[in-house]
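Bear in mind these aren't lab numbers, they're just calculated from the coordinates by the rules spelled out. It should be emphasised that the depicted structure is a prediction, and the values quoted were computed from it without experimental measurement. FYI the Cβ positions are ideal-geometry reconstructions off the backbone, even for glycines, and counts take in every protein chain you see.
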Amino acid sequence: MTAVACNNLEFGRTRFDFSACGCSSNASFDRFSVRNYAKGTVGNVNRSHKARKLFCFRPEIGPPRMFSTKTPEALLPGVTDTPPVLDLKKESRSPASLTNLFEGVAEDLLTLNKNLQSIVGAENPVLMSAAEQIFGAGGKRMRPALVFLVSRATKEIVGLKELTKEHRRLAEIIEMIHTASLIHDDVLDESDMRRGKETVHQLYGTRVAVLAGDFMFAQSSWYLANLENLEVIKLISQVIKDFASGEIKQASSLFDCDLQLEEYLIKCYYKTASLIAASTKGAAIFSRVDSYVSEQMYQYGKNFGLSFQVIDDILDFTQSAEQLGKPAGSDLAKGNLTAPVIFALEKEARLRDIIESEFCDTGSLDVAVGIVKSCGGIQRAQELAREKANLAVQNLQCLPPSSFRFALEELVKYNLERIK
Amino acid sequence: MSAAEQIFGAGGKRTRPALVFLVSRATAEIIGFRELTKEHRRLAEIIEMIHTASLIHDDVLDESDMRRGKETVHQLYGTRVAVLAGDFMFAQSSWYLANLENLEVIKLISQVIKDFASGEIKQASSLFDCDVQLDEYLLKSYYKTASLIAASTKGAAIFSGVDSEISEQMYQYGKNFGLSFQVVDDILDFTQSAEDLGKPSASDLAKGNLTAPVIFALEKETKLRDIIESEFCESGSLEKAVDIIESCGGIDKARELAKSKAELALENLQCLPLSSFRFSLEEMVKNNLERIR
């Protein structure tokens with residue numbers, strides 16, 4: 001499965017601070033009921049000790065602590081008609097980092113974290129722990145950051161002073177939907193690791209994972225409905241439908257070497273770009289800008305999202321397991337054929353046989369990865385990512401120059417740097 | 001789709017859509033509608049999709065092998081397909097719901113989906129908890145069953161365009177009928193044989209899900225508490241527990257509870273003009289009670 005979360009951005013291990021028994025949950029519970037819940041959930045004696053761990057499990061959720069070890073070199077080729085605020089000269093660019101990029105919305109993200117914790121944790125401590133497992137697992141809050149950046153960049157146009165509560169609620173909804181989909185995805189993929197940590201269902205069992213995912217989808221639907229904006233409600237409902245369609249599409253085309261690039265892009269859209277596009281468009285809608293601008297924000301989100309996903313798919317081949325936080329080449333191993341593979345299949349016929357064998361011979365996966373790399377599959381995928389990134393930057397033209405618009409542009413470029 | 005057919009075709013009675021249609025027609029009479037609108041029909045479909053999706057996920061959550069005498073989706077196709085099928089159906093129904101473009105109904109049904117999740121959590125965190133109170137049980141029953149039914153009946157009334165007092169009464173009808181329905185189901189889990197139930201009998205109790213008959217029995221018989229808290233580790237203890245519940249009147253008191261909710265439901269129908277549809281709605285309440293004598 002292609003990772004929707006940007007675990008590939010971690011150049012170092014994310015640190016967690018565990019504070020013993022510092023549960024701030026207001027939900028009243030006693031050890032008896034939580035223990036029994038966990039027991040009933042997992043039905044495996046070995047795991048009951050993990051229930052006791054729940055009480056002391058408080059990973060700190062804070063702003064993402066990301067840093068880049070590489071100085072940005074790859075600039076966006078082919079973009080010539082950008083406004084002067086976009087400095088293309090290498091030497092005058094300071095090293096980008098997500099923390100820098102998100103500086104303008106850092107406070108928004110802090111508030112978001114607090115709100116998310118209380119929304120999810122209020123219901124049940126077991127759920128909260130499960131959610132924290134993934135909320136705290138190195139997530140960068142990229143999607144909410146996008147909502148905040150687009151909100152701030154677009155409100156300039158109409159002279160709105162502050163972000164509205166709809167803006168903030170939208171960001172929370174987006175992050176809840178994203179998180180819920182990750183939890184269910186891991187159940188569907190039977191994944192053990194995400195972002196270098198065990199997955200929710202590995203730790204707490206399938207039941208809790210399904211329940212936590214359902215709960216978060218339900219909460220986000222409810223908050224969405226209470227935004228009382230039909231356009232946004234329909235927009236986001238489409239996304240949830242797209243997620244499910246994307247999963248099904250992927251599941252039914254595993255190891256299918258006839259997969260076309262178009263189909264792959266649709267699947268990337270369903271699984272990744274759809275949510276991002278709906279977030280950016282939603283943010284614009286709540287800024288009350290005109291529909292041309294919201295459409296451009298939609299396209300920005302879509303193109304950025306596709307670029308993002310293609311890069312994730314490239315990194316699945318080029319990064320080591322440690323960097324990825326999960327085994328390398330895992331997409332291919334599962335039969336999920338992504339851009340590099342699709343391009344490689346156009347060149348190398350023998351790759352098809354290996355894939356169709358579903359890697360039953362030991363070492364065949366490594367051979368396949370070798371072929372993909374050597375015949376230029378990765379390069380062509382990089383071009384694809386760049387092409388989408390270019391489109392995304394163009395979509396930002398309609399916004400007045402501002403630090404927020406700049407951050408949106410930089411985010412696109414920062415993303416590209418992950419692959420060179 | 002095979003997965004969905006497994007459950008769509010598994011002997012479901014379509015109670016919920018039937019309620020939507022009956023209330024739609026019964027309320028349409030008030031303002032002289034002749035035909036059902038496409039919103040009415042779409043609402044019924046949405047309700048059935050949500051219900052089905054919740055059953056599929058429930059079976060994953062309960063690790064149930066059997067439903068309505070047939071194997072469950074996840075037993076046959078695996079957990080993955082079950083989760084995916086459930087997610088897909090929830091997603092589809094959310095999308096259709098959004099495209100009904102009625103904010104009141106959208107909020108109503110979104111509340112239900114939230115309630116489902118809350119109900120599952122409530123149930124899961126109070127397994128084998130002998131301190132569970134009747135009103136907590138009723139709240140859980142509301143979340144898991146009555147909420148959806150109440151939202152369906154109210155939604156049907158909204159789409160008929162009747163005034164809010166009547167839609168409120170339809171909501172209450174759905175809620176009271178739903179609670180009555182759930183209590184009856186919980187009674188039958190004790191009184192019916194495995195064959196009639198389509199799944200092992202007393203399975204609620206076995207899992208630690210303490211329902212009305214048990215809660216009433218616990219008020220009378222303290223030794224029941226010990227057996228339950230032992231989580232039936234000794235063989236034969238489950239049967240012993242069931243005997244205690246029956247002999248000390250737990251079932252009888254639960255029956256009274258079901259009846260009292262049913263009576264409230266019938267009262268809620270008073271605001272509707274007499275018609276064959278109103279009559280059917282009354283009969284549904286009574287037929288439900290027939291299941292327990």
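What is the average number of partner chain Cβ atoms found within 10 Å of a Cβ in A:279-290?
0
Once you order the gyration tensor axes a ≥ b ≥ c over the Cα atoms, which shape class does the range A:302-380 get: rounded for a/c under 1.5, otherwise prolate or oblate by comparing a/b with b/c?
The shape class here is oblate.
Any idea what angle helix B:79-98 forms with the longest principal axis of chain B, computed on alpha-carbon atoms, 0 to 90 degrees, nearest 10?
30 degrees
Counting other beta carbons within 10 Å of each residue's own, what order do A:TYR292, A:TYR300, A:TYR264 fall into, fewest first?
A:TYR292, A:TYR264, A:TYR300
Starting from the Cα-Cα distance between B:GLU239 and B:ASP196, subtract it from 0.36 nm times their residue separation and give me the gain in nm to one decimal.
So the chain would gain 13.7 nm between B:GLU239 and B:ASP196.
Distance check, please: which entries in A:LYS373/A:LYS420; B:LYS175/B:LYS253; A:LYS234/B:LYS122; B:LYS122/B:LYS207; A:LYS334/A:LYS373 exceed 26 angstrom between their Cα atoms?
From the list (A:LYS373/A:LYS420; B:LYS175/B:LYS253; A:LYS234/B:LYS122; B:LYS122/B:LYS207; A:LYS334/A:LYS373), the Cα-Cα distance tops 26 Å for A:LYS234/B:LYS122.
Rounded if a/c is under 1.5, else prolate if a/b is larger than b/c, else oblate: which is the range B:102-261, with a ≥ b ≥ c the root eigenvalues of its Cα gyration tensor?
It is prolate, given that a/c is not under 1.5 and a/b is the larger ratio.
If we sort B:240-251, A:356-367 on the protection proxy, mean other Cβ atoms within 10 Å, highest first, what's the order?
B:240-251, A:356-367
Please list 3J(HN,Hα) in residue order for the range B:12-17, calculated via the Karplus relation 6.51 cos²θ - 1.76 cosθ + 1.60 where θ = phi - 60°; whole Hz, with x for glycine and proline.
Coupling constants for the range B:12-17: x, 8, 6, 4, 5, x Hz.
Is there a simple number for the mean count of other chain Cβ atoms within 10 Å of the Cβ of residues in A:177-189, and what is it?
If you average over the peptide's residues, the count of other-chain Cβ atoms is 2.
Modelling each spin label as a point 7 Å along the Cα-to-Cβ direction, I'd like the A:ASN115/A:GLN379 distance in nm, to one decimal.
So the label points at A:ASN115 and A:GLN379 sit 4.7 nm apart.
Residue by residue through the range A:298-312, which ³J(HN,Hα) values in whole Hz follow from phi under the Karplus form 6.51 cos²θ - 1.76 cosθ + 1.60 (θ = phi - 60°), with glycine and proline marked x?
Residue by residue, the range A:298-312 yields 4, 5, 4, x, 5, 5, 4, x, 5, 4, 4, 5, 4, 5, 3 Hz.
Can you give the net charge of the other residues whose Cβ lies under 12 Å from the Cβ of A:ILE174, counting K and R as +1 and D and E as -1?
+3
Counting residues in chain B as N, plug N into 2.2 N^0.38 Å and put the Cα Rg over that result.
1.02
So how do B:LYS107, A:LYS271, B:LYS13 line up by other beta-carbon neighbours within 10 Å, fewest first?
Ascending number of Cβ neighbours within 10 Å: B:LYS13, B:LYS107, A:LYS271.
Which of A:MET128, B:MET49, B:MET170 has the fewest other C-beta atoms within 10 Å, and how do the rest follow up to the most?
Lowest to highest Cβ neighbour count: B:MET49, A:MET128, B:MET170.
Residue by residue, what Karplus-based ³J(HN,Hα) values in Hz, rounded to whole numbers, does the range B:34-39 have, using 6.51, -1.76 and 1.60 with θ = phi - 60° and x for Gly and Pro?
9, 10, 6, 7, 5, 5
Can you tell me how much longer the chain between B:LEU139 and B:LYS259 gets when fully stretched, taken as 0.36 nm per residue apart minus their C-alpha distance, in nm with one decimal?
41.5 nm
Average partner chain C-beta neighbours within 10 Å, per residue of B:125-136?
Across B:125-136, the average partner-chain Cβ count within 10 Å equals 3.
Does the range A:252-299 classify as rounded, prolate or oblate by the C-alpha gyration tensor (a ≥ b ≥ c root eigenvalues; a/c under 1.5 gives rounded; else a/b over b/c gives prolate, otherwise oblate)?
It comes out prolate by the Cα gyration axes.
Output the pairs from A:LYS140/A:LYS165; B:LYS13/B:LYS38; A:LYS347/A:LYS413; A:LYS326/B:LYS114 with a Cα-Cα distance over 27 Å in this structure; if there are none, say none.
From A:LYS140/A:LYS165; B:LYS13/B:LYS38; A:LYS347/A:LYS413; A:LYS326/B:LYS114, over 27 Å: A:LYS347/A:LYS413; A:LYS326/B:LYS114.
How large is the Kirkwood hydrodynamic radius of the range A:282-420, counting all unique pairs of alpha carbons, in Å?
It works out to 16.5 Å.
When the chain is fully extended, how far beyond the present Cα-Cα distance does B:SER275 get from B:GLU168, taking 0.36 nm per residue of separation?
Gain in length upon complete extension: 36.6 nm.
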